[in-house]
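A quick write-up on the structure given underneath.
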Amino acid sequence: MWGVSGARMLYICAKVPPPTSRFKHNSAPPLLQRALVIVPTYNERENLPRLVPSILSRDARLEILVVDDGSPDGTGAMADEIAAAERRVHVIHRAGKLGLGTAYLAGFAWGLERGYEVFVQMDADFSHDPAHLPHFLNAIEDYDLVLGSRYLEGRVTVVNWPIARLLLSYYANVYARWVTGLPVADATGGFKCFRREVLATLDLARVESNGYSFQIEMSFRAWKLGFRIGEIPIMFVDRDLGESKMSKSIVREAIWRVWRLRFLSAFGRLRSARPGSPAIPPPAA
Ligand SMILES: Nc1nc2c(ncn2[C@@H]2O[C@H](COP(=O)(O)OP(=O)(O)OP(=O)(O)O)[C@@H](O)[C@H]2O)c(=O)[nH]1
Ligand SMILES: [Mg+2]
């Protein structure tokens, strides 16, 4: 189905199929006790108060870590207020806008130290629908890394993006697959779920990308280390409120960064963290 919405195009080729059918249900007890949803924020005060309850209501095992980079609109202070009233919400403050990739790395390190078993990455702007969270928790029982995919099985499940943005994203994926060989439909998406072991094994200190390519680099490193990657379909909706932080420099970084990944891999330089190194904190007792 193709439709038009205002000045923007609506691209939905089909209804997103229920993802659960793609994954077997184990009779074994679920591995997951506590999952940390990491939400990086920069000027998201219109979104955060609605997002938090929407996430927490999906599953009692979910907790949230907001990583705020000194948002001038006061998102950080608002996150503190929410955390003071809700013990499942935590906040990290960083001094200034240091980028999405390093925000996630800080969140992963925080959660690894505290023994969370599963980590979800999620934008604050409702492009990533909290309704998909149970689908990720289900799928991570069978995979080490689960990607929320906007381009699975020939369907494009993106709503309300300008055509130029959609083409950029779509062809960025074609390009990333071509250069790196990463066998996934959506390598640049930011709605993802990791098992703890993946983050503890990747040498996070060596992750270099910060923008778009951060998503590619994390999945590529996981794939090269032999972790099992699964994809579930998600519906991606452009933000209603607040402003995009997407920039030309983020696109430029992605263009050359994938080549660097390919060469690092070819020369055996995508190492995992050494056992016993500080990158692998022991799981919580
Ligand atoms: N902590 C932190 N969060 C950031 C930074 N840049 C972006 N974010 C957050 O990361 C998430 C994704 O950013 P967006 O601006 O939506 O960027 P995008 O999703 O790539 O682009 P759009 O599709 O245009 O929205 C949002 O929750 C932002 O608030 C940053 O430098 N630091
Ligand atoms: Mg966004």
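The values are calculated or read from the model by the stated rules, or taken from the named source; none is laboratory data. Please read these numbers as outputs of a predicted model, since none were measured by experiment. In this analysis, Cβ positions are derived from the backbone assuming ideal geometry, glycine residues included, and neighbour counts consider all displayed protein chains.
One table, with the values for the structure above:
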{"quantity": "Residue in the range 73-89 that is under 21 Å from Leu204 (Cα atoms), among the basic types (Lys, Arg) and more than 16 Å from the chain's Cα centre (by Cα) present", "calculated": "no"}
{"quantity": "Test set (1) in contact (Cβ under 8 Å) with a residue 12 or more places away in the chain; (2) surrounded by fewer than 17 Cβ atoms within 10 Å (Cβ to Cβ); (3) farther than 22 Å from Lys224 by Cβ - Leu133 fails condition number", "calculated": "(2)"}
{"quantity": "Enumeration of residues in the range 179-193 that are among the hydrophobic types (A, V, I, L, M, F, W, C) and part of a loop (DSSP other than H, G, I, E, B)", "calculated": "Leu182, Val184, Ala185, Ala187, Phe191"}
{"quantity": "Test result for Val158, closer than 21 Å to Arg260 by Cβ and either out of contact with any helix residue (DSSP H, G or I) (no Cβ under 6 Å at 6 or more places or on another chain) or not in a loop (DSSP other than H, G, I, E, B) (or both)", "calculated": "no"}
{"quantity": "From Leu133, Leu145, Leu112, Leu100, residue being on the phi < 0 side of the Ramachandran plot and within 16 Å of ligand 2 (Cβ to nearest atom)", "calculated": "Leu100"}
{"quantity": "Qualifying residues in the range 145-175 (those that are within 28 Å of Pro134 (Cβ to Cβ) and of a type in the set (Gly, Ala, Ser)) - the one surrounded by the fewest Cβ atoms within 10 Å (Cβ to Cβ)", "calculated": "Gly154"}
{"quantity": "Residues being within 14 Å of ligand 1 (Cβ to nearest atom) and farther than 16 Å from Leu204 by Cα - total across the range 99-119", "calculated": "0"}
{"quantity": "Exclusive hit being in contact (Cβ under 8 Å) with a residue 60 or more places away in the chain, of a type in the set (A, V, I, L, M), over 20 Å from Val39 (Cβ atoms) and within 16 Å of ligand 2 (Cβ to nearest atom), set Val179, Val158", "calculated": "Val158"}
{"quantity": "Leu133 away from ligand 1 (no atom under 15 Å from the Cβ) and closer than 24 Å to Trp256 by Cα", "calculated": "no"}
{"quantity": "Within the range 170-207, tally of residues that are among the β-branched types (Val, Ile, Thr) and out of contact with any Ser or Thr (no Cβ under 7 Å at 6 or more places or on another chain)", "calculated": "5"}
{"quantity": "Wholly within the range 194-273, helices (runs of 4 or more DSSP H) carrying at least 1 residues that are at pLDDT 90 or above and in contact with a strand residue (DSSP E or B) (Cβ under 7 Å, 6 or more places away or on another chain)", "calculated": "196-201, 212-224"}
{"quantity": "Residues satisfying the stated conditions in the range 82-111, i.e. of a type outside the set (A, V, I, L, M, F, W, C) and either at pLDDT 95 or above or not in a loop (DSSP other than H, G, I, E, B) (or both)", "calculated": "Glu86, Arg87, Arg88, His90, His93, Arg94, Gly101, Thr102, Tyr104, Gly107, Gly111"}
{"quantity": "Failed item in (1) within 16 Å of ligand 2 (Cβ to nearest atom); (2) over 19 Å from Val158 (Cβ atoms); (3) buried (at least 17 other Cβ atoms within 10 Å of the Cβ), with Arg195 passing the rest", "calculated": "(1)"}
{"quantity": "Given (1) in a helix (DSSP H, G or I); (2) in contact with a helix residue (DSSP H, G or I) (Cβ under 9 Å, 6 or more places away or on another chain), number of the condition Gly115 does not satisfy", "calculated": "(1)"}
{"quantity": "Filter result for Ala79 (part of a loop (DSSP other than H, G, I, E, B), buried (at least 21 other Cβ atoms within 10 Å of the Cβ), small (Gly, Ala, Ser) and touching a strand residue (DSSP E or B) at 6+ places or on another chain (Cβ under 8 Å))", "calculated": "no"}
{"quantity": "Members of the range 201-216 that are out of contact with any helix residue (DSSP H, G or I) (no Cβ under 6 Å at 6 or more places or on another chain) and buried (at least 19 other Cβ atoms within 10 Å of the Cβ)", "calculated": "Thr201, Gln215"}
